[in-house]
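First the structure, in the form of structure tokens, and then the observations on it.
None of the figures in this text is laboratory data; all of them are computed from the coordinates on show. From a predicted model like this one, the values you see are computed outputs, not experimental measurements. Note: ideal-geometry Cβ built from the backbone for every residue, glycine included; neighbour counts use all protein chains shown.
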Amino acid sequence: MGAAMIAATLTGLATGLGALPFLFIRELPRRVYDGILGLGAGLMLAAATLGLLAEALAGVRPPGGPLDGARLALVVAGFAVGVILAGAMDRLIPHRHARGHHQHLGHEPGHDHHDRAVEATDDPRRGYAIIGALTIHRFPEGLAIGAGFAAGDHAHLGLLLAIAVGLQNACEGIVMAAPLRKGGVAPGRSAIITTLTGLATPLAAIVGGLLAGRTAPTMPFILALAAGTLIYITSNEIIPESHSHGFEGTASSGVVAGFLFTMVVGALLP
């Protein structure tokens with residue numbers, strides 16, 4: 001649990017790294033913003049599929065052995081519960097996010113192909129709304145890291161998740177700080193607020209570690225649950241936001257880059 005807590009804390013604090021550029025600038029071009037969102041989405045998707053789900057499914061069909069139907073059922077059930085929980089948070093916790101459905105932020109439907117700075121409004125309340133939405137992400141991320149360190153006899157999965165989620169948090173730190181600075185919030189205050197949102201990650205990691213470590217047979221369920229929440233959040237919030245301003249190509253390139261990066265890191269880790 002000690003290694004998981006250290007990794008989760010550093011991962012959460014990585015959110016503050018995204019605010020550092022805004023100590024010197026106030027606005028970020030929309031194309032850059034969407035590319036960063038896409039990169040974060042790719043990191044999340046790879047962490048969920050190549051990391052969490054791969055580990056959860058590892059024992060479903062042992063080499064030369066029969067299908068373990070009970071384990072497969074646990075994985076499917078965990079994934080479904082994770083999606084349901086993420087959907088419930090999306091509906092029940094007040095927040096605002098990208099345009100594209102009834103709760104989405106921003107402008108009227110249609111593409112905006114102008115490479116303008118991130119959000120045209122100078123209202124700082126919009127920045128705080130975005131922070132509220134993205135802070136929700138810290139909980140399933142921390143849950144995933146805690147479960148990852150509890151899985152198996154080594155920390156490979158936990159380290160992979162910590163690296164991928166840490167980079168994704170830095171990307172989201174940029175997304176959080178940009179509207180705050182655009183709304184006139186002071187650079188230091190923006191950096192502090194953005195960094196503090198990451199403290200939810202180690203708290204959730206404790207829960208994930210305890211749940212996964214309580215009994216080995218529940219491990220596939222917890223890993224799949226964490227994967228389901230990450231995939232739902234990525235597809236429901238991050239990707240729609242990154243593709244809603246006319247820079248879909250840049251955003252998709254970011255998704256591919258994030259996925260490839262996580263794949264390579266996973267192969268290089270011992």
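For the reader, a short list of remarks on this structure follows.
- Counted by Cβ distance under 14 Å from G166, the other residues give a net charge of -1, where Lys and Arg count +1 and Asp and Glu count -1.
- In this structure the amide hydrogen of A151, modeled in the peptide plane, comes within under 5 Å of no amide hydrogen from residues 5 or more places off or on another chain.
- Cα shape, segment 161-211, gyration tensor, a/c 1.5 rule: prolate
- Residue-wise HN-Hα coupling along segment 142-148, computed from phi with Karplus coefficients 6.51, -1.76, 1.60 (Hz; x: Gly, Pro): x, 4, 5, 5, x, 5, x
- Cα centroid separation - segment 33-97 against segment 6-22, whole Å: 23 Å
- Global geometry of segment 1-68, whether rounded, prolate or oblate, following the gyration tensor of its Cα atoms and the 1.5 cut on a/c: oblate
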